[in-house]
1. Share of antiparallel DSSP beta bridges in the chain, in percent to the nearest 5?
2. Excluding ligands, DNA and RNA, what is the solvent-accessible area per residue of the chain at a probe of 1.4 Å, expressed in Å²?
3. Relative contact order for region 1-113 using alpha-carbon pairs under 8 Å, separation at least 6, rounded to a whole percent?
4. If you take the charge dipole of the chain about its Cα centre, with +1 on Lys and Arg Cβ and -1 on Asp and Glu Cβ, which of Pro229, Ile208, Leu119 is farthest toward its positive end?
5. Report the FRET efficiency, 1/(1 + (r/R0)^6), for Ser133 and Gln21, where r is their Cβ-Cβ distance and R0 is 41 Å, rounded to 0.05.
6. Once phi is turned into θ = phi - 60°, what whole-Hz ³J(HN,Hα) does the Karplus curve with 6.51, -1.76 and 1.60 give for every residue of region 21-37, x standing for Gly and Pro?
7. Compare the Cα positions of Ser190, Tyr134, Gly46 along the charge dipole of the chain (+1 at Cβ of Lys, Arg; -1 at Cβ of Asp, Glu; about the Cα centre) and return the one farthest towards the positive end.
8. Compute the length gained on full extension between Gln185 and Thr239: take 0.36 nm times their separation in residues and subtract their Cα-Cα distance, giving the result in nm to one decimal.
Amino acid sequence: MPSDKLTVRGVSKIYSQDRGQVVLALDHTSLSVQEGEFVSLIGPSGCGKSTLLDLVAGLTTPDSGEILLAGQSIVGQRGKVSYMPQSDVLFPWCNVVDNVIIPLKLQGVPLAEARAEALALLPAFGLEKFAASYPYMLSGGMKQRAAFLRTYLCKKDLMLLDEPFGKLDALTRMQMQGWLLDIWQRFKHSVLFVTHDVDEAILLSDRIFLMSPSPGKILVEIKIPLSRPRHPRMVTEKTFIEIKRELMRWLETGIFAQEEETSWQNKEF
Ligand SMILES: Nc1ncnc2c1ncn2[C@@H]1O[C@H](COP(=O)(O)OP(=O)(O)OP(=O)(O)O)[C@@H](O)[C@H]1O
Ligand SMILES: [Mg+2]
């Protein structure tokens, strides 16, 4: 029986906004990520995906519910997971190596040691020729890989990735998906990945959690039975298209029948 690396149970989050207004960003949301599993979270803009990742990363605290890492509460605790936030940016005044070693410096690793460790990893992240380059000299895909390497160097077993390929064109995005699959198969972290892209979620994931429009809750959990290793070509396979049809149906259900009461449901193919 596989064990949960991450358990999010019944989590709600209310934000206070201007002029006394409050927003229910998450409404009793539950999900899990197992050891070594790749899980994606899909949902419309504003449904609370980044809020959920901020909560797991301990940047903010829930109004109710539990967040457990390997069975231990991590509510409000930073530094327990590796987190690449949606708006992750590289410092323009640092070159690639000095950008990616920031987590190591924060952990107190001596500079020379941190640089040596990053340099050894640059080839796996396709950045070996760009160690001394500044962010303005990099393509969008290279910047994302550098930001991802920085997240990787946080060295936690669970990685939270918030739309890491959101700003990339379709072709670069496809290359990055192939690359991420390769890295994940090599390093086998547990991953919670946020995306708006249905194809991307199916291609990368073991399971997908689909969220309703705001206030976000989980509409459905879908297991992806595609074999591994995966390849971007799989998007044309029959099983892939069947899963996509089912996901699209759920997305439409969630968006057009928002008031309809939906609960935890498991869908297997
Ligand atoms: N710090 C904050 N203070 C007040 N309200 C917030 C804050 N952060 C998010 N919200 C609100 O919470 C809701 C969920 O926002 P969140 O950023 O989690 O959505 P999202 O699903 O990540 O959206 P997107 O797909 O556009 O990134 C939105 O209504 C947003 O306005
Ligand atoms: Mg977001």
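The values are calculated or read from the model by the stated rules, or taken from the named source; none is laboratory data. Bear in mind the structure is a predicted one, so any value in this text is a computation, not a measurement. Note that each Cβ is placed from the backbone with ideal geometry, even for glycine, and that neighbours are counted across all protein chains shown. SASA here: full protein model, heavy atoms, side chains in, ligands and nucleic acids out. Shrake-Rupley method; radii C 1.70, N 1.55, O 1.52, S 1.80 Å.
1. 50
2. Ligands and nucleic acids excluded, the figure is 48 Å² per residue.
3. Reported relative contact order: 26 percent.
4. Looking along the dipole axis, the top candidate is Leu119.
5. In this case the efficiency is close to 0.40.
6. Result, ordered by residue: 6, 10, 10, 7, 7, 9, 10, 6, 8, 9, 7, 9, 10, 8, 3, x, 8 Hz.
7. Tyr134
8. Stretched out fully, the Gln185 to Thr239 stretch lengthens by 17.3 nm.
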